[in-house]
Amino acid sequence: MSHNAHIQIVEMGARDGLQNEPTPVSLAVKQQLITQLVEAGLHRIEIGSFVSAKWVPQMADTDALARTLLPHPKVTYSALTPNLKGFEDALAASLKEVAVFTAASDAFTQKNINCSVAESLERFAPLFARAKEEGVRVRGYVSCVLGCPYQGATDPAKVAEVTGRLLRMGCYEVSLGDTIGVGTTRGVKTLLSRLLQDTPASTLAVHFHDTYGQALANIATSLDFGIQTIDASVAGLGGCPYAKGASGNVATEDVVYLLEGNGLSTGVDLDRLIQAGATICKALGRRNGSKVALAKGTPL
């Protein structure tokens, strides 16, 4: 990868980061978080999910949040929409991008959304049709690309199959998720070597959880394969629901430090980002999960 390359960061804190928080997070706190993230220079922000409040109570106010966001010429706000109803709600709230998720493991989708991977993809067909009509971009997530909590290691061929299907259905980009954070650089090399045989790197993103402390190494390896889009969560927000007490997402601050330190531009102001992380951690009453924020001394 050339040293003047620009790497896009997709900020997950407001959705993947907050969805498992046990304490309800107010709309005002979410608005402040997103405002600070935009001010720090993040231009792709997933704000929440249009799901049943019964299943994910923390996301109950995604609609209200979406309607209060001021349009910004450089910023794309998106939300997770698991079905057509969620898509319609996102559309009504004026979002121009949505995301759908499936997995590379049938055991995982059965536990999570009560169907097989193939069935999950079939359910998205009407959503893709509507998105095309409305000019809304769709991003895809594939969970468990390097391992599943229920069936162990994941076959890269299965990941390639599901990724290819999502791209053909209409996704402009597919994010490869190491949902439980078990992957190591060897697995990343094997996976990307397989995927890049028939999928351009420009249509792929990586989403590494740091459960076992491997996320930054896995991101560095992905960069060597030409991946230029990375998902991350400010202050490392988001626990891993399958491993009690384990950390979840890789911290955006740590990713920015890694990238900028290697001469890759992100357009992100690290000090402002650290401030955003400190503010949300204070509101949540939780420890900051970013090594960089802790090393630099969390601001007041």
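Only the coordinates and a few stated rules stand behind these numbers; no lab work does. Given the structure is predicted, the values throughout are model-derived calculations rather than measurements. For neighbour counting, all protein chains shown are included, and Cβ atoms are generated from backbone atoms with ideal geometry for every residue, glycine included.
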Options [x] 26, 23, 19; [y] 34, 21, 20; [z] 40, 23, 16 are given for semi-axes √(5λ) of the Cα gyration tensor in Å, and the computed one is [x]
Pick from Thr190, Thr179, Thr81: which is most flexible by mean-square fluctuation in a GNM of the chain where alpha carbon atoms under 10 Å apart are linked? Thr190
From a point 7 Å beyond the Cα of Glu260 in the direction of its Cβ, which residues of segment 274-297 have a backbone N at a distance under 18 Å? 274-279, 289-297
Have a look at the DSSP beta bridges in the chain and tell me what percent are antiparallel, nearest 5. 10
Mind telling me which of Gly48, Gly135, Gly164 comes out most flexible in a GNM of the chain, alpha-carbon contacts under 10 Å? Gly135
Expected unfolding gain across Gln151-Ala53 under the 0.36 nm per residue rule, minus the alpha-carbon gap, is 32.4 nm
Under 22 Å Cα to Cα from Lys96, which lysines show up? Leave out anything in the same chain fewer than 8 places away. Lys30, Lys74, Lys85, Lys132
